[in-house]
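Here the structure comes first, spelled out in structure tokens, and everything after it is commentary.
The values are calculated or read from the model by the stated rules, or taken from the named source; none is laboratory data. Only a predicted model underlies this, so the values are computations on that prediction, with no experimental measurement involved. Cβ atoms come from the backbone with ideal geometry, glycine included; neighbour counts cover every protein chain shown. Protein only, heavy atoms only, side chains kept; ligands, DNA and RNA dropped before computing areas. Shrake-Rupley method; radii C 1.70, N 1.55, O 1.52, S 1.80 Å.
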Amino acid sequence: MILLSPRTLFSLALLAFCKLAWCVDGAGVEPVSAAVWWEEQQANAELIRAGMRQLDRDWTPARYARIDDALKDNAERLERLLAAGGFSPVERALRLDRALALAARGRDDEAARLLTELGGDAVLPPFAIQVAGDVAMRQRRPLEAARHYRAALAVQPESVALHVNLAYAYLEAGQLHELESTLSTLERIDRASLDVRLLRVRMTRFNDRLAQAQQLVDALGADERDTVEAALEEAALAQARGLPRTAEKTYAGALAAAPDNIRAAVGLAEAAWAAGALDEVHAQLDRLNEHAPEHPAVRRLTNSWNSARRAWLSMEVNAGRGYGSIAGKDDISTDLWLHGPLATSGLRLFAHHHRVAADFDDNRAQHIRVGAGLELTRRDWSMAAELGRERTYGRDTTFSLRGSLQASDHWGFRASAESHADDVSVKGRYYYLEDFGTVLSAHRLALGVTHFVNESRRFLADVGYYDFKDGNSRETLTTTWIERVHAAPRHTIDVHGAAYTSSNTRAGAEYFNPRRDYALSVMVVSDWLTWHDYGRRFNQRVAASLGSYRQQSAAEPRDTEQRDIDHGWKVFGELRYEHEWKASDELSARYGIGVRRFPYDGDHETRAYLYGALSMYF
């Protein structure tokens, strides 16, 4: 059995059955001799209906054959009608039918022009007004679409299909109050409808109120949750909440129940992609593009996949002005990555340039390293290996290896090893060279674990070990709790609670090297989606942190009378403001400004900084 969408059923029900009610201008009664022309119009209307049914069930290029034939037949009948002297009611009906067929064919500009012309002659019937709204939505003019849908609803106020279309228009236009009013009206018209309740779930998810959407899903009855439609909403919600494996399982169940459901097949591919199963995504896309290449969801996924597989350039820069002897006075760090195209196997080659430099006591210290390597992404795990060489001081050959394992949606593990850690103090590199004629470096090992509950809560813990060339050993431990305390359309607030401690074995180092230190901090991050236009968006973000730091310094090795120094708990803080732009799947940028005040050896130092990042696929 072929199931038609509500929009198609609505259009077919109204198509060309308007006759004199909408097509006669009231000047007189239809003459009997016009019956032949009405038969002509009805014959063409049946061809258009057949073409629209074909469009609803066939997503291959062959789907357009019948609607193209219907448009050709429509033009020929109009030509014959005008050659015979014309009959305006039938001519108008044929042209209204043509506008609907043009819109169904995707020839939106032609459909919009024809509807504008027809609307200038007389009031459009509801189905034509709805078509004008659909065209405006596809042309990304949601406010105009909403105006058309409201006009159609003035004639058919109980139409569920029109209210659904109006809800999507308000969503895209960001008119959330109007969206809520429309959803409430739909619930008044048909509160018991599962489709209406699932629409509420979908709109709540689109507005980033994911916990509330989950409550709505959980409130569905057992029989309702067993339907394919409910399973698709539940899977999409799991994906939005950062649980791709849960989503994948649910999509697979929906696809088993409805093998021809394209939304389930696309969702399954998206979930597999998020889980790192790139070979499975490629195979699924091949199947989708074989059977449904013209489906909008397939096109969107294919375009995103092709963009992600392109070569990729990314850059990060951070430049600051410090006021103290530890952080430096003028400093800058840059990282530049150039990634090659992504292979279906998940393999991608890359090149990396790292540089950090700072001024200390009228001296300039810097560290530059270049490297090349490969990344491999597979289902549930990834790894990257990089071979490089330092371009300053010792010019040593470097090697690093890092990997991650996602054991489930809720548990992830990571590890890394570096022969020459990049985060060694640049001041230490310079002074060690000055004093000892050799270069300070450190081997580094790190392990980490993440417990991810959902988008609103996660816990992280990381341990690190540094083996410095000067004999120092450093151990670090960091734990973080991230909680989303506010989620509303366009606005979220996250709170990060963190604890840190480290220990070092060498006393009297030229670089900052406390025997023992501790830090407790809280950071609040407020994110505001200021503007969005379909795939493009602009976010503003403010982050403010406040904490307390305790440092214990070792006595100088040559000073036998001095005891270890405990500087006690001292307050530190940081404030950061940034912009983030996403122009497309291929281009995004982020930049900001910040200031940080932190105690070193008992004295506070202040650093103001600018930072930016760019990501571009080409």
Would you kindly work out the equivalent ellipsoid of the chain from its C-alpha gyration tensor and give its semi-axes, the square roots of five times the eigenvalues, largest first in whole Å? 64, 24, 23
Of Pro341, Leu285, Asn504, farthest towards positive along the dipole that unit charges on Lys, Arg, Asp, Glu beta carbons give the chain: Asn504
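Let's see if you can work this out: charge +1 on each Lys and Arg Cβ, -1 on each Asp and Glu Cβ, no other charges. What is the dipole magnitude of the stretch 310-617 about its Cα centre, in debye to the nearest 20?
On the way: 39 positive and 42 negative charges, 162 e Å.
Charge dipole, the stretch 310-617, about its Cα centre: 780 debye, nearest 20.
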Using alpha carbon centroids, what distance separates the stretch 373-420 and the stretch 446-508, in Å? 18
Hey, got the Cα dimensions of the stretch 82-198 along the principal axes, in Å, largest first? 53, 26, 22
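Work out which helices of the chain, taken as complete DSSP H runs, extend at least 30 Å along their axis over the Cα atoms and score a mean Kyte-Doolittle of -1.0 or more, then list them.
Details: long enough: 35-57 (33 Å, -0.80).
Within the chain the helices that satisfy the rule are 35-57.
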How much length, in nm to one decimal, is gained on full extension between Arg506 and Leu82, taken as 0.36 nm per residue of separation minus their Cα-Cα distance? 142.9 nm
Projecting each Cα onto the charge dipole of the stretch 310-617 (Lys/Arg +1, Asp/Glu -1 at the beta carbon, about the Cα centre), which of Gly471, Thr606, Thr450 comes out farthest on the positive side? Thr450
Beyond 22 Å, what percent of the Cα pairs of the stretch 491-618 remain? 54
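With a 1.4 Å probe and every protein chain left in place, work out the accessible area per residue of the chain in Å², rounded to a whole number.
Values: 30110 Å² over 618 residues.
Averaged over the residues of the chain, the accessible area is 49 Å².
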One finds the C-alpha centres of the stretch 95-127 and the stretch 278-309 to be spaced, in Å, by 32
In nm, to one decimal, how far is the Asp279 label point from the Leu387 one, both placed 7 Å along Cα→Cβ? 2.5
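Classify the stretch 37-246 from the C-alpha gyration tensor, please: rounded if a/c falls under 1.5, else prolate or oblate depending on whether a/b exceeds b/c.
On the way: a/c = 2.59, a/b = 1.97, b/c = 1.32.
Taking the square roots of the gyration eigenvalues as a ≥ b ≥ c, the stretch 37-246 is prolate.
Whenever you get a sec, line up Glu158, Glu144 from highest to lowest accessible area (probe 1.4 Å, protein heavy atoms).
Working: Glu158 105, Glu144 60 Å².
Ranked list, largest accessible area first: Glu158, Glu144.
Pop the C-beta distance of Leu194 and Ala319 into the FRET formula with R0 = 45 Å and round what comes out to the nearest 0.05. Let's see the in-between values first.
Working: r = 56 Å, r/R0 = 1.24.
Computed FRET efficiency for Leu194 and Ala319: 0.20.
Thinking of the stretch 310-617 as a set of Cα atoms, what percent of all their pairs are more than 29 Å apart?
Numbers: 20771 of 47278 pairs.
Tail of the P(r) past 29 Å holds 44 percent of the pairs.
With a cut-off of 8 Å between alpha carbons and a minimum separation of six or more residues, what is the relative contact order of the chain in percent? If you can, show how the numbers build up before the last one.
Numbers: 1242 pairs, mean separation 45.9, N = 618.
Relative contact order for the chain comes out at 7 percent.
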With unit charges on the beta carbon (Lys/Arg positive, Asp/Glu negative), name the residue among Ala365, Gln54, Ala583 whose Cα is farthest towards the positive pole of the charge dipole of the chain. Ala365
Can you classify the stretch 207-254 as rounded, prolate or oblate using the Cα gyration tensor, where a ≥ b ≥ c are the square roots of its eigenvalues, rounded means a/c under 1.5, and otherwise it's prolate if a/b beats b/c and oblate if not? oblate
Where a Cα-Cα gap under 22 Å defines reach, which lysines qualify for Lys469, not counting those fewer than 8 residues away within the same chain? Lys427
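Go ahead and run the numbers for FRET between Glu158 and Ala417, Cβ-Cβ distance against an R0 of 60 Å, rounding to 0.05. Intermediate values should be presented prior to the final figure.
Details: r = 66 Å, r/R0 = 1.11.
That pair, Glu158 with Ala417, gives E of 0.35.
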Using Cα-Cα distances under 8 Å and only pairs 6 or more residues apart, what relative contact order does the stretch 310-617 have, in percent? 13
Where the accessible area of the chain is counted over protein heavy atoms with a 1.4 Å probe, how much of it, in %, is carbon and sulfur? 56
Magnitude of the Cβ-charge dipole (Lys and Arg +1, Asp and Glu -1) of the stretch 432-510 about the Cα centre, nearest 20 debye, reported as 400
Once you charge only the Cβ atoms, +1 for Lys and Arg and -1 for Asp and Glu, what is the size of the charge dipole of the chain about its Cα centre, to the nearest 20 debye? 180
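Give me the number: length gained by fully extending Arg138 to Val228, i.e. 0.36 nm times residue separation minus the C-alpha to C-alpha distance, one decimal in nm. Mind dumping the intermediate values first?
Numbers: separation 90, 0.36 × 90 = 32.40 nm, distance 2.66 nm.
Working it through step by step, the gained length comes to 29.7 nm.
Loop only per DSSP, at most 16 neighbouring Cβ atoms within 10 Å: give me the GluC sites (Glu not before Pro) in the stretch 270-332, ordered by residue number. Spell out each step's value before the answer.
Details: sites: Glu270, Glu280, Glu290, Glu294, Glu316; in loops: Glu294.
Passing both the DSSP loop test and the Cβ count: Glu294.
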How many percent of the alpha carbon pairs in the stretch 143-214 exceed a separation of 15 Å? 51
